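Below is one structure, written out as structure tokens; the observations come after it.
Nothing in this text is a laboratory measurement; each read-out follows from the coordinates by a stated rule. Everything numeric here is computed off the predicted structure, so don't read it as measured data. Note that each Cβ is placed from the backbone with ideal geometry, even for glycine, and that neighbours are counted across all protein chains shown.
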Amino acid sequence: MARYLVVANQTLGAEHLAAKVRECMAAGECSFHVVVPATHAREQLNWTEGAARVIAQRRLEAALARFAELGTDADGEVGDPSPMLAIRDSLREIPYDGIILSTLPPGPSRWLKQDLPHRVERTFGVNVMHVAGKLEPVRTS
């Protein structure tokens, strides 16, 4: 069974990611581990690490419910605010057949400005499937 690491935050609930999950499921039996780096969103003018973790947890819970609706096996966790460190921590636990990295589109994406897809692939030697999509708003209260 293939096991995929899904790394996303602001785009976690967007359709482009669900489409990639369905594509992986169509290729054969698989499971997913979702990591949501607890980064703060740009629209948050005032934020704390605790608030970023709460938002990441809400996104994770919604994503796991959506994965269940898709009929796939998934679990997850809130990770380090640095996506590289969050990925590193996850890879320590279990080897993965691939990483699905979901970002905002070029321009607004901080992760793409950091060349995250290529850095992850070079650093960890794992195939990275990059998908870009829209922001998924999350209520903060």
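When PHE32, PHE124 are arranged by Cβ crowding within 10 Å, least crowded first, meaning fewest neighbours, the order is PHE124, PHE32.
Using a simple spin-label model with pseudo-atoms 7 Å out from Cα toward Cβ, ALA65 and ASP80 lie 3.1 nm apart.
Using 0.36 nm times the number of residues separating HIS118 and ARG58, minus their current alpha carbon distance, what extension gain do you get?
Once the chain is fully extended between HIS118 and ARG58, it gains 18.8 nm.
Principal-axis analysis of the Cα atoms of the chain puts helix 15-27 at an angle of about 10° to the longest axis. Note on VAL126 and ARG92: the extension gain reaches 11.0 nm, defined as 0.36 nm multiplied by sequence separation minus the Cα-Cα distance. Phi-derived couplings, Karplus 6.51 cos²θ - 1.76 cosθ + 1.60 at θ = phi - 60°, listed residue by residue for the range 74-81: 8, 9, x, 7, 8, x, 3, x Hz, with x used for Gly and Pro. Across the range 67-131, the mean sequence separation of Cα contacts (distance under 8 Å, 6 or more residues apart), normalised by length, yields a relative contact order of 31 percent. Can you tell me the relative contact order of the chain? Whole percent, Cα pairs under 8 Å, sequence separation 6 or more. The normalised contact order for the chain reaches 34 percent. Once the Cα atoms of helix 83-93 and of the chain are each reduced to a long axis, what angle between those two axes, in degrees from 0 to 90 to the nearest 10, is obtained? Computed tilt is about 40 degrees. Amide H contacts for THR103 (H built 1.01 Å from N in the peptide plane; partners 5 or more residues away or on another chain; cut-off under 5 Å): VAL131, ALA132, GLY133.
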